[in-house]
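Please treat every number below as a calculation from the coordinates, not as lab data. Keep in mind that what you see is a predicted model, and the values were worked out from it rather than measured. Positions of Cβ are generated from backbone atoms using ideal geometry, with glycine treated the same way; all protein chains shown enter the neighbour counts.
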Amino acid sequence: MRLEELPIIMVKCLLCTIMIEVGVSFLLKVRDKKDLLNIVLVNTLTNPIVVSLPFFILLKFGYAYYQKTFYILEILAFITEGFIYKKVLKYKKMNPYLLSIILNLSSYLIGEIINKL
């Protein structure tokens with residue numbers, strides 16, 4: 001990976017994450033348009049950090065640090081998103097932190113599958 005590739009990687013990751021997480025949200029019966037918009041906005045906030053910071057760590061320090069940074073940021077994203085969902089979503093059928101972990105795991109695992117193809 002090269003630094004010049006980062007903007008394209010970030011856009012692809014964000015769009016894939018949004019499509020997957022909105023799709024999974026819909027499967028979980030999130031129907032309120034404001035809730036779905038908030039899920040998009042929250043990912044627009046967290047995803048670029050989770051994608052770009054590990055990328056810079058990879059370039060500077062190598063794969064071992066990249067992996068650790070990525071997992072720490074994923075955990076922080078899950079916590080941050082859960083907190084925001086708790087504050088703003090009308091959707092109350094599920095604990096917001098559980099919703100956050102389901103959505104994040106879905107986008108992560110589906111993203112891994114896509115990357116393997």
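Helix 63-88 versus the longest principal axis of the chain: what angle, 0 to 90°, nearest 10, using Cα atoms?
20
Once you put a point 7 Å from the Cα of residue 53 and another 7 Å from the Cα of residue 72, both along the Cβ direction, what distance in nm separates them?
0.8
Report the label-to-label distance for residue 64 and residue 88 in nanometres (one decimal), using points 7 Å from each Cα along the Cα→Cβ vector.
Taking the simple label geometry, residue 64 and residue 88 are separated by 3.9 nm.
At what distance in nm do the modelled label points of residue 44 and residue 19 sit from each other, each positioned 7 Å from its Cα along Cα→Cβ?
Taking the simple label geometry, residue 44 and residue 19 are separated by 1.8 nm.
Taking Cα atoms, how many degrees apart are the long axis of helix 6-27 and the longest axis of the chain, rounded to 10 and kept between 0 and 90?
30
Taking the Cβ-Cβ separation of residue 116 and residue 79 as r and a Förster radius of 25 Å, what is the calculated FRET efficiency to the nearest 0.05?
Efficiency for this residue pair is about 0.35.
Using only Cα positions of segment 3-108, each an equal point scatterer, no hydration layer, compute I(q)/I(0) via Debye at q = 0.10, 0.11 Å⁻¹ and quote the log10 values to two decimals.
-0.28, -0.34
Run the count for the chain, please: Lys pairs, Cα-Cα under 22 angstrom, 8 or more apart or on different chains.
Close lysine pairs under the 22 Å cut-off: 18.
Specify the residue with the greatest mean-square fluctuation among 38, 47, 95, computed from a Gaussian network of the chain linking alpha-carbon atoms under 10 Å apart.
Looking only at 38, 47, 95, the largest GNM fluctuation is found for 95.
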